[in-house]
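The values are calculated or read from the model by the stated rules, or taken from the named source; none is laboratory data. Only a predicted model underlies this, so the values are computations on that prediction, with no experimental measurement involved. Backbone-built Cβ (ideal geometry, glycine too); neighbour counts: all protein chains shown. For the accessible areas, the whole protein counts, side chains as well, though only heavy atoms, and no ligand, DNA or RNA atoms are used. Shrake-Rupley method; radii C 1.70, N 1.55, O 1.52, S 1.80 Å.
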Amino acid sequence: MKLASLKHGRDGTLVVVSTDLQRCLRTAMTLQQALDDWDRHQPVLASLAEQLAAGAGEPFNEEDCASPLPRAFQWADGSAYVNHVELVRKARGAEMPESFWTDPLMYQGGSDSFLGPRDPIVMADSGWGIDFEGEIAVITGDVPMGASPEQAAAAIRLLMLVNDVSLRNLIPAELGKGFGFFQSKPSSAFSPVCVTPEELGQAWDGGRLHLPLQVSYNGELFGKANAGVDMTFDFPTLIAHAAKTRPLGAGTIIGSGTVSNKDADGSPGRPVADGGLGYSCIAEIRMIETIRDGKPATPFMQFGDRVRLEMLDADGGSVFGAIDQEVRQQ
């Protein structure tokens, strides 16, 4: 089953979307309302999905969509691809603590005003180091405090893509205060469509999504890393980590962190142009340039630059629709 929120008011109008993303049927609720009483609403939504499969529905346009949850009670982003973390630290000459391989990193982001998948990234200053980060996220039902990974897995309701926008040049000073991200993490954007786990078939193993995340930057393929590869911590582990000391309410969003793959020989990934899988953010290629050449060469995003994130299934169909955003000056 595929779901989306058409732009309407603060929380959108929930629609069920056909598998090919061509048609939809409207509901009289929001996605948050559906999640709050999922056991009652899920069969009704599934019935609408069956009607779509039989040919019902009105045209569906990704451009009309807000993020599936235009705002959420909680957005916590992990860093499950430790390869990415290792490169970040290596580029600045820092050793990575051994605990990073066993204890996930996670920060709590702002969730009151997500960007729509086609909304521009509006910034006042390109000198802030504007970067995209291609990620996967899950939306949960209620998760009790102290949940096991098995309980966490059972609470996964939906999956979607994320562009977790980062302002790289603001991050060092914020982290230097010892109190975490805030100004350096503006509003994130999510894919037009979110999907139930069973919709993903064999690509979903219960914890990881085994499909390449296609990242295009200014019309050129920038990355195609497989989200199921080199993911040190799966989603049940990330959810259980978030719920260690607090319950998670229905509609909580948990992100994977930047999708990142090593090269086939275990070395840092290579650019697509050099036969590699590329990258899901600009920072990663800058790290590799720094390690190799002593300084980065690839600039961060400038006004007018555009990023597109999409994931295709084995038959070439778009799973979640596309995040497609341009950077604009405020």
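Annotation: average projected area of region 185-282 is 8.3 square nanometres, based on the convex hull of Cα atoms across all directions. Label-to-label distance for E326 and Q108 is 3.7 nm, based on points extended 7 Å past Cα in the beta-carbon direction.
For G141, what charge total do you get from the other residues with a beta carbon under 11 Å from its beta carbon, if Lys and Arg give +1 and Asp and Glu give -1? Net of charged neighbours comes to -3.
Surface exposure of region 78-204, expressed per residue as accessible area with a 1.4 Å probe, stands at 42 Å². In this structure, the amide hydrogen of W75, modeled 1.01 Å from its nitrogen in the peptide plane, lies closer than 5 angstrom to those of G109, I253, counting only residues at least 5 positions away or on a different chain. Extents of region 260-330, taken as max minus min of Cα coordinates on every principal axis and listed largest first, are 39, 38, 16 Å.
Estimated from the Cβ-Cβ distance and a Förster radius of 25 angstrom, the FRET efficiency linking D39 and Q151 is about 0.95.
When only the Cβ of Lys, Arg, Asp and Glu is charged (+1, +1, -1, -1), the dipole of the chain relative to its Cα centre reaches about 680 debye. Relative to the current alpha-carbon distance between A264 and L6, full extension at 0.36 nm per residue lengthens the span by 88.8 nm.
Kirkwood hydrodynamic radius computed over the chain comes to 20.0 Å, based on all pairs of distinct alpha carbons. Comparing L158, W128, M145 along the charge dipole axis of region 117-168, the residue lying farthest to the positive side is L158, per the Cβ-charge model. Working ranking of peptides 227-240, 94-107, 6-19 by packing, defined as the average number of other Cβ atoms within 10 Å per residue, highest first, is 227-240, 6-19, 94-107. The length gained on full extension between V229 and F179, counted as 0.36 nm times the residue separation minus their Cα-Cα distance, comes to 14.9 nm. Measuring between alpha carbons in the structure, the pairs from K90/K295; K90/K262; K2/K224 lying more than 18 angstrom apart are K2/K224.
Computed about its Cα centre, the charge dipole of region 193-330 is approximately 560 debye, with only Lys, Arg, Asp and Glu carrying charge at their Cβ. Label separation (T19 vs E220): 3.7 nm, computed from points 7 Å beyond Cα along the C-beta direction. A Cβ-based charge dipole, computed about the Cα centre of region 39-134 with Lys and Arg at +1 and Asp and Glu at -1, lands at about 180 debye.
Here the 3J(HN,Hα) profile of region 172-186, calculated from phi with Karplus coefficients 6.51, -1.76 and 1.60 at θ = phi - 60°, is x, 5, 5, 5, x, 6, x, 10, x, 6, 8, 5, 7, 10, x Hz, Gly and Pro shown as x.
For region 150-193, the list of trypsin sites (Lys or Arg not before Pro) that fall in a loop by DSSP and count at most 10 other C-beta atoms within 10 angstrom reads K177. Shape call for region 95-248 from the C-alpha gyration tensor, a ≥ b ≥ c root eigenvalues: rounded (a/c under 1.5), prolate (a/b greater than b/c) or oblate? The shape class here is oblate. Phi angles of region 236-241 translate, via the Karplus equation with coefficients 6.51, -1.76, 1.60 and θ = phi - 60°, into HN-Hα couplings of x, 5, 5, 5, 4, 4 Hz per residue; Gly and Pro are given as x. Converting phi to 3J(HN,Hα) with the Karplus coefficients 6.51, -1.76 and 1.60 and the offset θ = phi - 60°, region 308-319 yields 10, 10, 7, 10, 9, 7, 4, 9, x, x, 6, 7 Hz in sequence order, with x at every glycine or proline.
Count the net charge of all other residues whose Cβ sits under 13 Å from the Cβ of P59, scoring Lys and Arg as +1 and Asp and Glu as -1.
-3
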